[in-house]
Amino acid sequence: MKNYNRITLTVFLLLFPFFVFAQSNDTLFIQKDAKGNARFVRFTSGKNQERNMNKDTVFLKTFYKTDKNDGFRKIQEGSLPKDIPFKKFQQYYKGLQVDNAQVIIYGKNNNIEVVTGDFQDIDIENVKPSLNEEQALKKALAFVGAKKYKWEDKSIKASLKENTANSKATYFPKGELVIAKDNLK
C-alpha cells in the first residue's frame, strides 16, 4: 500500500506542472527568472477570452497570481511594424511604483500572444518611508559626493530654461517614493 501511494504521489508531482501550464492548452513557451516568475511567455494565436487585449490588467493580475496590493498601470501603448499592438505596464504595490518592474504584452487580433518583462513579488507590511524627501536627498547627495551638480551651474540652468521656454525649468531632483530592492547590502 505504501508503494502504491508513493508511486501515485510521484506521478502526480511529475505531471502537475503540465496540468498547471496546459489549463487552456495554449502556452507554447515560458521562460522564468530565478524566483519562478515568468519573464517571457508565448501563447498560441487562437482566440482566448482570458487573453483579450481589452482585459489587459485583469489578465496580468490573474497571470501573475497577484493579490489586492498589486496593480498595473499602462504607461505606453502603440504598434510595432506589421501592426503588432503592444501595451507597456508599470507594476505598483499598495499604490507605490515598483522599481524595475515593467511588463509588456503583445497581441494579434485583439488576443494577447506574448508577455515579457519583470514582475516582482513584493510582501511589505509597512510601506511608509522612514525618511522624508529632503532627508533622502541629503543622503543621496552625500552618497554621490559630486563637487557640483547641473542645477548649481548658472549657464546650464539658463540653457535649460531657454531650450524649454520654461522659466521654472530646473535640473533640481524631485523625489518620488518607490519600492526598490536594496542592492547596497
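Values in this text are rule-based calculations from the coordinates and carry no lab data. Please read all numbers here as calculations on a predicted model, not as lab measurements. Every residue, glycine among them, receives a Cβ derived from its backbone with ideal geometry; neighbour counts consider all protein chains shown.
Listed values, structure above:
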quantity: Neighbour-limited loop hits for GluC sites (Glu not before Pro), the range 62-151 (at most 14 other Cβ within 10 Å; DSSP other than H, G, I, E, B); calculated: GLU125
quantity: Nearest 10 degrees, 0 to 90: helix 133-144 Cα axis against the chain principal axis; calculated: 90 degrees
quantity: For ILE122, residues with placed amide H under 5 Å, excluding near neighbours; calculated: none
quantity: Nonlocal amide H pairs with LYS108, under 5 Å, H built at 1.01 Å; calculated: GLU113
quantity: Residues VAL178, VAL41, sorted so that the one with the fewest Cβ neighbours within 10 Å comes first; calculated: VAL178, VAL41
quantity: Rounded to 10°, Cα long-axis angle of helix 2-21 versus longest principal axis of the chain; calculated: 50 degrees
quantity: Shape of the range 133-179, Cα gyration tensor, a/c cut at 1.5; calculated: oblate
quantity: Backbone HN-Hα couplings from phi across the range 81-90 [Karplus 6.51/-1.76/1.60, Hz, Gly and Pro as x]; calculated: x, 6, 6, 8, x, 9, 9, 10, 10, 9
quantity: Average Cα contact separation per residue, the chain, under 8 Å, 6 or more apart, as relative contact order %; calculated: 16 percent
quantity: Unit charges at the beta carbon, dipole of the range 133-179: most positive-side option, LEU137, GLY175, ILE156; calculated: ILE156
quantity: Assigned charges on the beta-carbon of Lys, Arg, Asp, Glu; the chain dipole about Cα centre (debye); calculated: 200 debye
